[in-house]
Amino acid sequence: MLPRTPLFFLPAVRFASKRFASTQSLRETLQDVIPAKQEQLRKLKLNHGQTTVGEVKIENIVGGMRGLKAMLWEASVLDPIEGIRFHGLTIPDCQKVLPPAPDGKEIIAESMLWLLLTGKVPSPEQTRQLSSELAEKGDLPKFVEDLIDSLPKSLHPMTQLGIGVSALNHDSAFQAAYERGIKKSEYWTYTLEDCINLIARLPTLAARIYHNIYKPTTQMPSIDRNLDLVGNYARLLGYGDNHSLTEYLRLYIALHGDHEGGNASAHTAHLVGSTLSDPYLSYSAALFALAGPLHGLANQEVLRWQLAMQKELGTEITPENIKDYLWKTLRSGQVVPGYGHGVLRNPDPRFIALQEFCDTRPELKESSIIRLVNMTAQVAPGVLMEHGKTKNPYPNVDATSGCVLYHYGLTEFKYYTVIFGVSRALGALTQLVWARALGLPLERPKSLSMDALEKLINQ
Ligand SMILES: CC(C)(COP(=O)(O)OP(=O)(O)OC[C@H]1O[C@@H](n2cnc3c(N)ncnc32)[C@H](O)[C@@H]1OP(=O)(O)O)[C@@H](O)C(=O)NCCC(=O)NCCS
């Protein structure tokens, strides 16, 4: 257990002389790895500042910067074929080595956070220590509770989450320290403090939004200091006694934690953070990017679409009928939600991991909606290939994620992106700490008008 005022958050210079446990804390582990990374960056800038790693084509500029190697992101790298690696570890690697909760088997947010932040695999003891730290810090300030309670229940839960996260900047350690005047070398310590506080409070905020909108007459439970972050989230939502759903949420939140830096939400957090906005403001901006239907909203769209398919096909759920439904969707000018990806060119390993989870649970194998998802995944790639537009006809993680929640009774699908928002904080906030530790500058790419581009072409 950590002491009440954890040494974890004391500035590095005071911290170095003290130890509170035989187990290295997250902060100590991070502090150990920072100098080597700083040196790596120094050498890259010094020796290879002018090395070319790709070219910029007009198609990159007018095509949403696809494929442009243009930002530094430490926590994970996404290969189009192989999928995501977190500090070199694939999803199956993570499932083997990252400690689960004491009562579970799935990866937990604390283990993933530790890996993303430090590149190291934590011991079970270290994850327990971090869990109690997060539980200790999970309560919301009263004014944020009042603010969230005052919002109209009809306001989209993602809008509410963004409002709540930005309001938490009232207590930003980074902002207060910056106003006081601190050295650049200390930025990361206060950024880390904010990031940990925000990660700790996100489930409480997200659960309060859920209760206000969907369960206004039920009392939200309090945080259990002995539970992990997502165990507590499930508890606060009112599903604490559903062990399968809790385990699913643990896996889902850990796997969704990071997907390299170029995706809209991670990139937004990075861009806003580069102005030295504090982590609360940076991450609230990221949440509004996540709220778009081409990004985080896709999981609710998938469910809506699969349920509409189920309703229309009734008892006639056959591959042929699914195929017809897919064509109907495409001919009406809509995208097939849950398929395609900005980078991936193969089935998403996160989709595969969630499918494997479903295969271990008889109730999910029997679920009509999960069976429909599976049948759709068999048929859709062929249809999308024939359609000939998307560069990736395979399912992405969202093809199944919301449908599992639905099966377990968490049926309010407008809320699903909020769960994604709780998850994505792990990676986006990790990178904010690294951006400050590495002294990354204000992000400021060059834009050009079409006339300016034509002038360049004709030069
Ligand atoms: C994820 C997504 C936004 C990536 O977009 P992208 O990088 O522009 O994808 P592509 O380069 O393959 O797109 C090329 C064309 O195929 C279309 N396309 C891509 N995915 C498609 C899908 N699932 N269904 C139908 N058409 C699709 C695009 O709309 C685009 O059409 P356009 O040329 O008329 O604009 C896109 O695949 C999509 O909209 N998928 C459905 C939503 C979704 O599942 N999002 C969650 C992602 S994790």
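Can I419 be described as away from the ligand (no atom under 14 Å from the Cβ) and buried (at least 24 other Cβ atoms within 10 Å of the Cβ)?
Considered against the rule, which asks whether it is away from the ligand (no atom under 14 Å from the Cβ) and buried (at least 24 other Cβ atoms within 10 Å of the Cβ), I419 comes out as yes.
With the requirement that a residue be part of a helix (DSSP H, G or I) and among the basic types (K, R), what does region 195-239 give you?
R201, R208, R235
Give just the number: which of (1) part of a helix (DSSP H, G or I); (2) surrounded by 12 or more Cβ atoms within 10 Å (Cβ to Cβ) does K45 not satisfy?
Failed condition: (2).
Regarding S274, is this residue in the same structural domain as G427 (by the TED database), among the polar types (S, T, N, Q) and touching a Gly at 6+ places or on another chain (Cβ under 6 Å)?
no
Picking from S111, S131, S185, which residue would you name as being assigned to a helix (DSSP H, G or I), under 25 Å from A437 (Cβ atoms) and under 17 Å from the mean Cα position of the chain (by Cα)?
Only one candidate passes the filter, namely S111.
With the structure loaded, tell me whether Q160 is at pLDDT 95 or above, surrounded by 19 or more Cβ atoms within 10 Å (Cβ to Cβ), of a type outside the set (V, I, T) and touching an Asp or Glu at 6+ places or on another chain (Cβ under 8 Å) or whether it fails that test.
Considered against the rule, which asks whether it is at pLDDT 95 or above, surrounded by 19 or more Cβ atoms within 10 Å (Cβ to Cβ), of a type outside the set (V, I, T) and touching an Asp or Glu at 6+ places or on another chain (Cβ under 8 Å), Q160 comes out as no.
With respect to Q431, determine if the residue is modelled with pLDDT of 95 or more, buried (at least 18 other Cβ atoms within 10 Å of the Cβ), more than 15 Å from the ligand (Cβ to nearest atom) and over 17 Å from Y252 (Cα atoms).
Considered against the rule, which asks whether it is modelled with pLDDT of 95 or more, buried (at least 18 other Cβ atoms within 10 Å of the Cβ), more than 15 Å from the ligand (Cβ to nearest atom) and over 17 Å from Y252 (Cα atoms), Q431 comes out as yes.
Does at least one position in region 264-271 carry a residue that is farther than 22 Å from P157 by Cβ, more than 16 Å from the ligand (Cβ to nearest atom) and under 14 Å from the mean Cα position of the chain (by Cα)?
Yes, there is a match, as at least one residue in region 264-271 is farther than 22 Å from P157 by Cβ, more than 16 Å from the ligand (Cβ to nearest atom) and under 14 Å from the mean Cα position of the chain (by Cα).
One line per residue, one yes/no per condition, for (1) within 24 Å of the chain's Cα centre (by Cα); (2) within 23 Å of L245 (Cα to Cα); (3) of a type outside the set (S, T, N, Q):
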residue	(1), (2), (3)
G342	yes, no, yes
P347	yes, no, yes
E356	yes, yes, yes
K365	no, yes, yes
V373	yes, yes, yes
M385	no, no, yes
G388	no, no, yes
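Quick one: count up the residues across region 25-61 that are free of Cβ contacts under 8 Å to residues at least 60 places away in the same chain and farther than 29 Å from E193 by Cβ.
The number of residues fulfilling the criteria is 15.
Restricting to region 274-291, and then to whatever is hydrophobic (A, V, I, L, M, F, W, C) and in a helix (DSSP H, G or I), can you tell me which residue is farthest from the ligand (Cβ to nearest atom)?
The qualifying residue farthest from the ligand (Cβ to nearest atom) is L281.
So which residues in region 62-76 are surrounded by fewer than 16 Cβ atoms within 10 Å (Cβ to Cβ) and away from the ligand (no atom under 15 Å from the Cβ)?
Matches in region 62-76: K69, A70, L72.
Tell me which residues, restricted to region 256-296, are buried (at least 20 other Cβ atoms within 10 Å of the Cβ) and among the β-branched types (V, I, T).
T268, V272
Quick check: anything in region 180-187 in contact with a Gly (Cβ under 9 Å, 6 or more places away or on another chain), crowded, with 16+ Cβ neighbours inside 10 Å and basic (K, R)?
There is no residue in region 180-187 that is in contact with a Gly (Cβ under 9 Å, 6 or more places away or on another chain), crowded, with 16+ Cβ neighbours inside 10 Å and basic (K, R).
The values are calculated or read from the model by the stated rules, or taken from the named source; none is laboratory data. Quick caveat, the model's predicted, so the values are computed rather than measured. Note that each Cβ is placed from the backbone with ideal geometry, even for glycine, and that neighbours are counted across all protein chains shown.
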